[in-house]
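The next block holds one structure in the form of C-alpha cells; read it before the comments.
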C-alpha cells in the first residue's frame, strides 16, 4: 500500500474525462467564457484505461468518472465497459482490496443529469456500480438562475431513467444526489430536498460552498456550514444521529429518526484532509494530489512516449510518497479568506479550474 508523508494511502481516483460542461453553475463556473483543453491533448479511452489500471495496480479500489460533465464525452458507456474489463485483468490473481467489486475497483460516475436519460441503461449494462447526480434545487426557475441553462426537466428525467436502469433499487446505495447549499440561494430547500431524496430511495449529500479554483465569486458569508445544516434538519425532522465508519469518505453520514440517511461534505468549515486518499487525473493526463493544488504531474506524455509501465508506476509511487497536501485545512487557517484564484490567472493556467480536475 502506498502511503504519503501523512500516512494516507492511495485508494481513490477521480478520473476526469472532459473539462467541458453544459451548465454554468454560479459556484463552479461563474465566468462568461473559459479556456478549454485542446481536444487533441485529451487522453483517448485506451490511455485512460491504461492509467486507471496503473492506479489499480498500486492499490486504488474506487474510481469515479468526472468532468466537467463526463456525459459530454462521446460514448462514455464504452469507456466504462473498457475500464471494467481492463481493471479485472489488472487485478486478476491479486488479493482483493476493500472497495473492489467483481474483482476490480468500484466504478462510479458523477453527472449533472442532463444527458443521463439517454445513457443510464447503457452505463448500468457496461458495469457502472454507482451514480451521483448533482441537483441543487427543485425549482425550475431557480435552476435556470443558478446554472444559466433551462434544463431542470432534463435532469429530473435523467434521475428517473437512472432509477429505471437499476440505480437506487431497494437496499442498493448506487444512487446519490449532491446539493451545493448557498445562503440566500437555495438554503430554504434543505428539507424539501431530503423529502425528494427519500421518495427516490436516493441518499442526499449536502455540500458546503467551496472556495476552490473556478469559484471566482466565492464569499464566506454564502457558506452554509455543517453545523447550520444539522440545526436546520434537526429542527424539522428530528435530531440526526452520526453514523460510524466514515473512513476516508468525503461525506459525514447521519441517520434521521425516520431512518433516512443523508451526508454532509464539509470541506470548507470542517476539512477532512488527514483522511483524504484521493488522487485526481485530468482529461489530458495531469495528476493532481489535492483539489487545491497549484501544480500537477504529467502522466500522459511519458505514457505516449512508451515509457515502460514499471517506470510509470515508480513515478506515481514517488509522487504520492512525497504528498503532504492539506489544502482545505490551510485555507481554513487563513485570516482573510477570498477566492482561491482570480479569473485572470485561471485563463493563463486552465488546469487550476475545479472542473478540469473533477470537483
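When 6, 51, 71, 83 are screened for being in contact (Cβ under 8 Å) with a residue 40 or more places away in the chain and outside any helix (DSSP H, G or I), only 6 passes.
Of all the residues in segment 263-288, those that are more than 14 Å from residue 208 (Cβ to Cβ), assigned to a strand (DSSP E or B) and in contact (Cβ under 8 Å) with a residue 40 or more places away in the chain number 6. Where residues in segment 87-118 are part of a loop (DSSP other than H, G, I, E, B) and under 19 Å from the mean Cα position of the chain (by Cα), which of them is surrounded by the fewest Cβ atoms within 10 Å (Cβ to Cβ)? The selected residue is 99. Answer with yes or no whether residue 158 is under 21 Å from the mean Cα position of the chain (by Cα) and either touching a residue at least 12 places away in the same chain (Cβ under 8 Å) or within 20 Å of residue 264 (Cβ to Cβ) (or both). Yes. Restricting segment 150-159 to residues that are in contact with a helix residue (DSSP H, G or I) (Cβ under 8 Å, 6 or more places away or on another chain) and surrounded by fewer than 18 Cβ atoms within 10 Å (Cβ to Cβ), the residue that is farthest from residue 23 (Cα to Cα) is 153.
When residue 239 is tested against (1) over 27 Å from residue 357 (Cα atoms); (2) free of Cβ contacts under 8 Å to residues at least 12 places away in the same chain, only condition (2) is not met.
Yes/no per residue for (1) under 18 Å from the mean Cα position of the chain (by Cα); (2) at pLDDT 95 or above; (3) under 17 Å from residue 285 (Cα atoms):
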site: 23; (1), (2), (3): yes, yes, no
site: 42; (1), (2), (3): no, yes, yes
site: 52; (1), (2), (3): yes, yes, yes
site: 80; (1), (2), (3): yes, yes, no
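Screening the candidates 214, 171 for the property of being at positive phi, touching a helix residue (DSSP H, G or I) at 6+ places or on another chain (Cβ under 7 Å) and modelled with pLDDT under 95 yields one hit, 214.
Can you go through 219, 205, 183 and tell me which one is closer than 30 Å to residue 34 by Cβ, touching a strand residue (DSSP E or B) at 6+ places or on another chain (Cβ under 9 Å) and surrounded by fewer than 18 Cβ atoms within 10 Å (Cβ to Cβ)? Being closer than 30 Å to residue 34 by Cβ, touching a strand residue (DSSP E or B) at 6+ places or on another chain (Cβ under 9 Å) and surrounded by fewer than 18 Cβ atoms within 10 Å (Cβ to Cβ) holds for just one of 219, 205, 183, which is 183.
Test residue 24 against the criterion of being touching a helix residue (DSSP H, G or I) at 6+ places or on another chain (Cβ under 8 Å), surrounded by fewer than 18 Cβ atoms within 10 Å (Cβ to Cβ) and more than 26 Å from residue 302 (Cα to Cα), and give yes or no. Answer is yes for this residue.
Yes or no, residue by residue, for (1) closer than 21 Å to residue 250 by Cβ; (2) assigned to a loop (DSSP other than H, G, I, E, B); (3) at pLDDT 90 or above; (4) under 23 Å from the mean Cα position of the chain (by Cα):
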site: 291; (1), (2), (3), (4): yes, yes, yes, yes
site: 303; (1), (2), (3), (4): no, no, yes, no
site: 315; (1), (2), (3), (4): no, no, yes, no
site: 320; (1), (2), (3), (4): yes, no, yes, yes
site: 323; (1), (2), (3), (4): yes, yes, yes, yes
site: 341; (1), (2), (3), (4): no, yes, no, yes
site: 355; (1), (2), (3), (4): yes, no, no, yes
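Residues that are surrounded by fewer than 22 Cβ atoms within 10 Å (Cβ to Cβ), within 20 Å of residue 68 (Cα to Cα) and out of contact with any helix residue (DSSP H, G or I) (no Cβ under 7 Å at 6 or more places or on another chain) within segment 248-293 comprise 250, 265, 278, listed in sequence order. For the condition under 27 Å from residue 129 (Cβ atoms) and buried (at least 22 other Cβ atoms within 10 Å of the Cβ), residue 162 qualifies. Filtering segment 173-186 to residues that are more than 21 Å from the chain's Cα centre (by Cα) and more than 10 Å from residue 209 (Cβ to Cβ) leaves only 184.
The values are calculated or read from the model by the stated rules, or taken from the named source; none is laboratory data. Source: prediction; values computed, not measured. Neighbour counts run over all protein chains shown; Cβ positions are idealised from the backbone, glycine included.
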